[in-house]
1. Using only the alpha-carbon atoms, what does segment 179-298 span along each of its principal axes? Please give whole angstrom values in decreasing order.
2. Placing +1 at every Lys and Arg Cβ and -1 at every Asp and Glu Cβ, with all other atoms neutral, what dipole size does segment 242-363 have around its Cα centre, in debye to the nearest 20?
3. Report the label-to-label distance for K41 and D58 in nanometres (one decimal), using points 7 Å from each Cα along the Cα→Cβ vector.
4. Please give me, ordered by residue number, the trypsin sites (Lys or Arg not before Pro) of segment 174-281 that lie in loop per DSSP and have at most 14 other Cβ atoms within 10 Å.
5. P(r) for segment 286-327: what percent of alpha-carbon pairs falls in each 10 Å bin, starting at zero?
6. Enumerate the lysines that K215 could reach by cross-link, defined here as Cα to Cα under 16 Å, with residues fewer than 8 away along the same chain left out.
7. Less than 20 Å apart at the alpha-carbon level, and either on another chain or at least 8 residues along: which lysines does that give for K307?
8. Enumerate the lysines that K108 could reach by cross-link, defined here as Cα to Cα under 28 Å, with residues fewer than 8 away along the same chain left out.
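The values are calculated or read from the model by the stated rules, or taken from the named source; none is laboratory data. Note that this is a predicted model, so its numbers are computed, not measured. Please note: Cβ atoms are built from the backbone with ideal geometry, for glycine as well, and neighbour counts cover all protein chains shown. Quick note on the areas: whole protein, heavy atoms, side chains included, nothing else; ligands and nucleic acids left out. Shrake-Rupley method; radii C 1.70, N 1.55, O 1.52, S 1.80 Å.
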Amino acid sequence: MRFLLTIGLCVVFCFKIDAQQKLSFNQDSLVSVVKSAATEKQKIQALQDLSDHWLYIDSAKSMQYAQEAFARSLKTADNLTVAIAHYYVAGVYMEHYNLIKARAEFQKTVAMLGRDTSFIAQRYLARTWHNIGAISQREDNTEEFLRLLIEKACPILERIGDSLLLAGNYYDIGNVFCDIRQYGKAFSYFQKASNIFSAHNGYAQAVESRLGMVKALLYQEDFSATNKKIMRENLTLSFQLLKDHPQAYPWLGYYILQGMFQQYVNKNYQAALDNYNKGLAFADERQEPYNRIELLNRKYYLFYDQKQYANARDMAYSVYKENANYPLSRNKLISLKNLIHVEEALGNKDKAYSLLKEYVDLS
């Protein structure tokens, strides 16, 4: 299976916090709310929206807004407001890999919302269970993530009738099935999510769910005329939704999947490389280390398939080095396997054997 992603678009990478970000963002309007005569709760919400926006761009700025919202929430003495403030602080910890503090903050949210049956409380409770599951996935326990989605988050969202957030969870379930190579199930969940988001094209997940369908079909490696048409149409529509939003997060997935489509379906290797390089520039700009590693890994496969083994080895060692910073063992196994293959291709038998021993030990 040459298409298995090290990280990035499959569950193997790490899920973002459960948030419905819009493709466009007006920072000035939110800042003006904080400085205006709006109610204190409106100011807190604006600060939390600002924290969400900066989450993948500037972690310090994101935490600054989350902490200011938290401090204001304590002054309200309102249980729901404080619980939600814990949620946003946890989200910043989670996205910047302080998983212990993130879990502790999310558990405070669960404890505070457990008996509140209001719509907003139950909505945040579902989001919190999602994120606790995503922490488990980052700790190499994808099965627990799937369990919490199916047993905790989705039932709450179905009960309160929150179709948009439910669609987001369908998208994540699709990613889990993609990770465990059940691509037919993955496609069906991506399609369910896309069907809901099709009436809400302003949301990032309207694009991501369409890209998910492309991903599932690429992984099936069935490039029939029908599948090619589905992939091409969804890539085209994704581009149309993104083109007026140059800073929108889904560009990362678009560059990866457009590159894979060009590489494996169209056999246009230069177009594939161009997309991977655009994705790398975007990942670096947004401080996205996981997607950066995935794009390096894509370049490894591209160079290896063209027998450019020296370039492939450079990419493989970059992936290996950067994977060392994260706990996901499957990613490390894939990067080791790639190193073994490329060292063998270059005739470096002793080095390949040394890496093989490391692979066996980790397995």
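1. Dimensions of segment 179-298 along the principal axes of its Cα atoms: 32, 32, 27 Å.
2. Working: 16 positive and 14 negative charges, 40 e Å.
About 200 debye.
3. 3.0 nm
4. Values: sites: R181, K185, K192, R210, K215, K228, K229, R232, K243, K267, K278; in loops: R181, K243, K267.
Within segment 174-281, the qualifying trypsin sites (Lys or Arg not before Pro) (loop, at most 14 other Cβ atoms within 10 Å) are R181, K243, K267.
5. Whole-percent P(r) values from 0 Å outward: 33, 49, 17, 0.
6. Filter leaves K185, K192, K228, K229.
7. Answer for K307, where 20 Å is the Cα cut-off: K267, K299, K337, K349, K351, listed by chain and number.
8. List returned: K16, K22, K41, K43, K61, K75, K152.
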